[in-house]
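Have a look at the structure below, then the notes.
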Amino acid sequence: MSDLILGIDPGSRNTGYAILTEQNGKLLSLRCDVLKMAHMDDHADRLQFIFEEVSKIISSFEPTSCAVETPIYGVDPLAMLKLGRAQAAAMLAITNSDISVTEYYPKQVKKSITGNGNASKKQVAFMLRKMVSLPDEKLSKDATDALAVAWCHLMKQNSIPGQTQNSDKKRHQNNSKSSWESFVANNPDRISS
C-alpha cells in the first residue's frame with residue numbers, strides 16, 4: 001500500500017488540508033480543501049473545530065503519516081499565538097490517532113518544490129499543478145499550502161527519483177545559489193507542458 005500523507009497548513013480562520021499519495025508512479029491528491037472558521041467568534045470554538053475536523057479527516061482517509069507547517073515569527077504576537085494554538089489543535093488530533101507528525105518550516109516546503117526557499121506562493125502553486133494530479137475544483141491558497149507540506153513530507157520520506165537529498169550539506173536554506181529559472185532548466189522532468 002502506498003503512503004497516504006495528510007498535509008496541514010494551520011490557521012485560526014482557515015486551516016488548509018490535503019491528502020497526497022503516489023499511484024502507479026504518479027502523485028495524486030485525493031483531497032485538497034480548507035476548514036473555514038471565520039464565521040466563529042470564539043477562538044476556543046475554532047480550536048475545538050480544528051481538532052474535531054482533523055480527527056474526522058484522519059478517520060476517513062487513514063493517512064500513514066502527517067505533516068504540518070510550522071508557524072514562523074511575525075509582527076503581531078497575538079496572531080502568532082493564535083496560529084500556534086491552531087497548529088497544536090491539529091497536531092493533537094493527529095497524535096491522538098497514533099500517527100506520526102512532522103513539522104516543516106515554510107522555506108523547507110518551498111525549497112522541496114521549487115528548489116528555492118524564497119519562492120513565491122504562485123511559483124509553488126505552479127509547480128504543484130505540474131507535478132500532482134489535483135481535484136478539479138479551484139484550490140485556495142490554504143489548500144495549496146497544505147498540499148505543498150504533504151509534498152515536502154513525501155519527498156523526505158520516499159526520496160522519489162529526480163529529487164535530490166541534500167541532508168549532508170550544512171548550508172542554510174536561504175543560501176541557495178540557484179534561481180527559479182535555473183531550477184526549471186535543471187529539472188525538465190518536473191515540468192510538463
May I ask you to list the residues in segment 25-41 that are surrounded by fewer than 18 Cβ atoms within 10 Å (Cβ to Cβ) and either more than 19 Å from LYS141 (Cα to Cα) or touching a Leu at 6+ places or on another chain (Cβ under 8 Å) (or both)?
GLY25, LYS26, LEU28, LEU30, MET40, ASP41
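State the number of residues belonging to segment 66-84 that are outside any helix (DSSP H, G or I), free of Cβ contacts under 8 Å to residues at least 60 places away in the same chain and of a type in the set (A, V, I, L, M, F, W, C). So that I can check it myself, show each step before the final result.
Let us first name the residues in segment 66-84 that are outside any helix (DSSP H, G or I), namely 66-76.
With the extra rule that they be free of Cβ contacts under 8 Å to residues at least 60 places away in the same chain, the set shrinks to 70, 72-76.
Within this subset, residues satisfying the condition of being of a type in the set (A, V, I, L, M, F, W, C) are 72, 75.
Looking only at that region, the number is 2.
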Boolean, VAL124 is touching an Asp or Glu at 6+ places or on another chain (Cβ under 9 Å), surrounded by 18 or more Cβ atoms within 10 Å (Cβ to Cβ) and modelled with pLDDT under 95
yes
Count of segment 10-26 residues which are farther than 17 Å from CYS66 by Cβ and either part of a strand (DSSP E or B) or in contact with a Phe, Trp or Tyr (Cβ under 8 Å, 6 or more places away or on another chain) (or both)
3
Go through (1) closer than 20 Å to ASN14 by Cβ; (2) outside any helix (DSSP H, G or I) one by one and return the number of the condition PRO63 breaks.
(1)
Looking at (1) open to solvent by 80 Å² or more (accessible area, probe 1.4 Å); (2) part of a helix (DSSP H, G or I); (3) free of Cβ contacts under 8 Å to residues at least 24 places away in the same chain; (4) over 23 Å from VAL132 (Cβ atoms), find the lone condition where ALA44 falls short.
(1)
Qualifying positions in segment 87-108 - more than 10 Å from GLU69 (Cα to Cα), open to solvent by 50 Å² or more (accessible area, probe 1.4 Å) and hydroxyl-bearing (Ser, Thr, Tyr)
THR95, SER100
Tabulated pairs, segment 109-128, first closer than 18 Å to ALA67 by Cα, second open to solvent by less than 50 Å² (accessible area, probe 1.4 Å) and among the small types (Gly, Ala, Ser), C-beta under 6 angstrom, 6+ apart or interchain:
VAL109/ALA148; LYS110/GLY117; LYS110/ALA119; LYS111/GLY117; ILE113/ALA148; VAL124/ALA148
Output the residue which, of all residues in segment 120-143 that are in a helix (DSSP H, G or I), more than 14 Å from the chain's Cα centre (by Cα) and not basic (Lys, Arg), is nearest to MET155 (Cα to Cα).
MET131
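The values are calculated or read from the model by the stated rules, or taken from the named source; none is laboratory data. Keep in mind that this is a model prediction, so the values were computed, not measured. Backbone-built Cβ (ideal geometry, glycine too); neighbour counts: all protein chains shown. For the accessible areas, the whole protein counts, side chains as well, though only heavy atoms, and no ligand, DNA or RNA atoms are used. Shrake-Rupley method; radii C 1.70, N 1.55, O 1.52, S 1.80 Å.
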